[in-house]
Structure formats: C-alpha cells, structure tokens
Amino acid sequence: MHEMIKAKAIELLESGCVNRVLGWKAGEFFYDLTPAVFTTREEIERDFVYSVFSAANLSKYLIAESRKEGKVAAFLKPCDSYSFQQLLKEHRIWRDNVYVVGIACDGMCDMDVIRDKGVKGVTAVHQDGENLKLETLYGTATMPKSDALPERCVHCKSHKVVVFDEMLGENGEENPDSGRFDEVERIEAMTPDERFAFWRKELSRCIRCNACRNVCPACSCEKCVFDNDKSGVAQKAAASDFEENNFHIIRAFHVASRCTDCGECSRVCPQKIPLHLLNRKFIRDINELYGTYQAGADMDTKPPLMDFTKGDAEPSVVYGRGGKQ
Amino acid sequence: MQVNETFTPTIVAFCCNWCSYAGADLSGTNRLSYPANVKIIRIPCSCRLNPMFILRAFQRGADGVILCGCHPGDCHYTTGNYYARRRMTLLFSMLDYLGIEKERTRVEWVSAAEGAKFAATMNDFAATVTKLGKNKRLEDLRCTK
C-alpha cells in the first residue's frame, strides 16, 4: 500500500493534475507521523510515509489548502472522508481545488496500545497481512494487527470512503453493528455519583493544551469562544479537579450533530482522556431522540441541531433516565 | 455567636422577552410571590440561550438554572424555541452523563398570560434546588474568588 500511494502521489504531481500533495511524513519518531504538503518528486521519494501509523485525519488541513493557488491532492481514509464531506456540506472546503484519493483502511495502530501489550523498545513496525512484524531493541516480535488497534478502530463505524475522485484498494462497507456505544452505555448505567467520579478522574488530567480543539475537523471556527482572555479562567491554574468541565462540555456541544466520530480528539490527547466518549454521548442521544444520523455520510440531510420537528421530546425526558439512582 | 444555617440557593432564570418575562411581570402585578433569590435575565428568545450561559452561571456560583420560553408553536420568531428545545435536551442529558444533578437545570414554557404558572414554577424549582444544596460540582473557584 505504501508504494502504491507513493507512486500515485508522484503520478498526480508529474501529470500536472495537482501542484502539491497532502500526505504524511515522519515526525519525531517513526510512529509519530505528521501531516505534510509535498511539492516535488524528490520530497515525496525522500519523506512521504504511509504506514499503520498514518492515523492523522487530513481533511481539516484542506480548509486552508483548498483556498490556495492550484489543485491539491489528498489521501483520505474512510474516517477522513466523512469529515471531508461534512466540511464540504458546511462550505468550508473548495471542492474544485481538491483531488481526493480514497484509500482503504483496516485500522490504524497506536504505539501506546502496542506498549500496553508488553512489547517495549519498538524500532520499526511492518504489516504482514493480518499480523504486525515488530522490530525491537531486544529482537523481533509478531502480534495480530487487531491487538494493536486503538478503541476507535476496534469499533470502526465504517470502512467506506464516502467521497473520492479515485479509489486505491477495495472500498469497504458501513458497519452499523460496530458496538461503538458500548462504553457510553456502560457509563450511563452507573449511578450519578459513580459517573461524576469517573469523569472527575478523567478530566482532572486535562492540561488545557487545546490539542483536541485544534485537531478536530468539525472545530473549524476562525475565532474560537475559548480564546477569551476575559473569561476569568484564562492563564489560571485549575483550583479543583473538575474545573475544566466547562471546556469539555462546550467543546463537545459545539460539534454535536456535526461530529463524524473520527476519534481524533482522543488520539491527540497527551493525557489520554477518552474525549470521544463525550461526543459519542451526543451522537447516541441524537440517534435515540431525533432518528439515526451520521454526520458527513451525505450532502443533503440537515444536521439534527439545525433542524426540529414539532413533536420533539421535551427536555424533561432527561429526568426519566440516567442509570441507577 | 449563632449563625443562621438556612441555605438560600442562587437561582438564575433566563426568560424570553416575549412570553416568560411578561409572565413574570404579570405574576408581580397579580401580587403572587416567588422567591427573591431568583435572578431573572431577559433574553430576546429562548434560543438565544447559549449552553455556555448555563455553564457560566454554574461556574460563577449559581445553584440552579432554569430557562423559560414561549410554548412551542408560539415563538415570536416562529421557530426559536424548537431549536432551544433540542439543544437543552442534549445539554441536560450531557450534564446528567457527567454526574451533575439533573434537577439543577430545567426548561419550562411560560406564556405572557401565565403569571400564576411562573410563580408556581419558581417556587417549585427553588424548593428542589434548596433540597439539593449548594452546587459544588460545576463551581469554578477561578471565577468566583
């Protein structure tokens, strides 16, 4: 796949179809792949990397890239294509300036998951069919790829690239029975005090680096409500361990009904807070109360929060639910 | 010295200009009483209520927040309260998910003719919040101190 994508990037660039290519290159570490723009064949041959760690969602970068001179080619995995289509729907990306190459994806690995499985000192990872071959400082090891996947890929909602100009590999299918709400249901079933304890433990680790906001393809406002130095909380250390709740509730609320559940927020979180569980709660509530909706799956439906019906549930519906008492 | 320990909650009521604010006015002219610790904030329409307002109120020491608007179908701007209804439903559900007492938030539809309902709602809500006690979970000491 790596060679195929690299060859495609060079082909698109040399044929004059595009004048730059959006892809991934190695960051600080080999497993820390960073989005990058390539403009020459030499750059692509030297730096372009597509591996099991090319998890970064490239669609948000297209907001800025598509506004520049000439056409840009972008490689989009299924998750990224949902975000891309959602941004198209919101008129944030200039479609004419983007050449989308869809790539089939069977999950992106996470180095932390590999480490948690007890494999230390990994220096290189190669995919070999269903397995991963790991080169470590202490010799080689093999593990099934499914063991190295983060939660978002284990419960993958769709293997289908929803919008593309060209497809590399076989396009997959949606997966409605992914079980992605299992964890949300588990939390919902707790008592309010247990839920509070759970979230306090998670959110107390937040250092307000804003990485979740910056990476989110749905968070694309030019000016953000959190960049407010008069909020009274700016530049102040949290005085208790739940004080960043405002940020997290509003962050999730602002993308509710537009969040495609790509899981980037949790991937980039340096403190490993499961932020996608907040977004998924909104998605689950929306599905339950206003009908199943998948953001980015099509171009015509209205996001549920920009729509209403006269028979909607009253907010008091919340009092009737919510786990054990 | 003996200190009076009775807890009086701070309640913020966001009232839509066209119905509930007039409803509050009517309950006043009818000499119906509702707790003095209910602070009314007038908003042009219930859908003006940004979810951030609710959280900010809690952050700065409110113990309960209630939104009052026109009855669905009666919005001055035709559809505002329908949008507000969806937003508030999702927000309250999220607060519940985080383990915040859901009784601290409420939405009530009060028309300009329902002065009695306004007073009754506020009395009931104040009683509920008094029972729950001080809001500790959403308070933010950085804002209040």
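The values are calculated or read from the model by the stated rules, or taken from the named source; none is laboratory data. Worth saying up front: this structure is predicted, and the values here are computed from it rather than measured. Please note: Cβ atoms are built from the backbone with ideal geometry, for glycine as well, and neighbour counts cover all protein chains shown. The accessibility values were calculated without ligands, DNA or RNA, using every heavy atom of the protein model including side chains. Shrake-Rupley method; radii C 1.70, N 1.55, O 1.52, S 1.80 Å.
When the stretch A:293-325 is filtered for residues that are more than 9 Å from every other protein chain (Cβ to nearest Cβ) and under 27 Å from B:S46 (Cβ atoms), the ones remaining, listed by number, are A:Y293, A:A295, A:T301, A:K302, A:P303, A:G311, A:G320. Pairing each residue of the stretch B:124-145 that is over 11 Å from B:G64 (Cα atoms) with any residue that is in a helix (DSSP H, G or I) and modelled with pLDDT of 80 or more, provided the two are 6+ apart or on different chains, yields C-beta distances under 6 Å for B:D140/B:Q59; B:C143/B:Q59. The residues in the stretch A:115-140 that are buried (at least 18 other Cβ atoms within 10 Å of the Cβ) and either out of contact with any helix residue (DSSP H, G or I) (no Cβ under 8 Å at 6 or more places or on another chain) or assigned by TED's automatic domain parsing to the domain that holds A:A55 (or both) can be counted, and the count is 1.
Taking the criterion of being more than 7 Å from every other protein chain (Cβ to nearest Cβ), surrounded by 19 or more Cβ atoms within 10 Å (Cβ to Cβ) and not in a helix (DSSP H, G or I), the only residue of the stretch B:73-99 that qualifies is B:C75.
Do we have any residue at all in the stretch B:112-128 that's closer than 29 Å to A:Q235 by Cα, out of contact with any helix residue (DSSP H, G or I) (no Cβ under 8 Å at 6 or more places or on another chain), more than 7 Å from chain A (Cβ to nearest Cβ) and open to solvent by 20 Å² or more (accessible area, probe 1.4 Å)? Explain how you work it out, then say what you get.
First pass over the stretch B:112-128, keeping only residues closer than 29 Å to A:Q235 by Cα: none.
No, every residue in the stretch B:112-128 fails to be closer than 29 Å to A:Q235 by Cα, out of contact with any helix residue (DSSP H, G or I) (no Cβ under 8 Å at 6 or more places or on another chain), more than 7 Å from chain A (Cβ to nearest Cβ) and open to solvent by 20 Å² or more (accessible area, probe 1.4 Å).
So in the stretch A:147-200, with the set limited to residues that are surrounded by 14 or more Cβ atoms within 10 Å (Cβ to Cβ) and hydroxyl-bearing (S, T, Y), which one is farthest from A:V98 (Cα to Cα)? The extreme case among them is A:S178. Of the strands (runs of 3 or more DSSP E) lying entirely inside the stretch A:71-154, the ones with 2 or more residues being of a type in the set (S, T, N, Q) are found at A:122-128, A:131-136, A:139-144. Every condition in (1) buried (at least 22 other Cβ atoms within 10 Å of the Cβ); (2) touching a residue at least 40 places away in the same chain (Cβ under 8 Å) holds for A:F53 except the one numbered (1). The residue of the stretch A:266-292 that is farthest from A:D227 (Cα to Cα), among those that are in contact with a Pro (Cβ under 9 Å, 6 or more places away or on another chain) and open to solvent by less than 30 Å² (accessible area, probe 1.4 Å), is A:I286. Being of a type in the set (S, T, N, Q) and open to solvent by less than 60 Å² (accessible area, probe 1.4 Å) is a description that applies to A:N210. With the requirement that a residue be more than 26 Å from A:S257 (Cβ to Cβ), of a type in the set (D, E) and open to solvent by 60 Å² or more (accessible area, probe 1.4 Å), what does the stretch A:217-247 give you? Matches in the stretch A:217-247: A:D229, A:D241.
The set of residues in the stretch A:1-50 being open to solvent by less than 20 Å² (accessible area, probe 1.4 Å), closer than 16 Å to A:G102 by Cβ and not in a helix (DSSP H, G or I) consists of A:V18, A:V21, A:L22, A:G23, A:W24.
Got at least one residue in the stretch A:274-283 being within 11 Å of another protein chain (Cβ to nearest Cβ) and over 27 Å from A:N175 (Cβ atoms)? Write out each step before concluding.
Taking the stretch A:274-283 first, the residues within 11 Å of another protein chain (Cβ to nearest Cβ) are A:277-283.
From the residues that got through so far, the ones that are over 27 Å from A:N175 (Cβ atoms) too are none.
No: zero hits.
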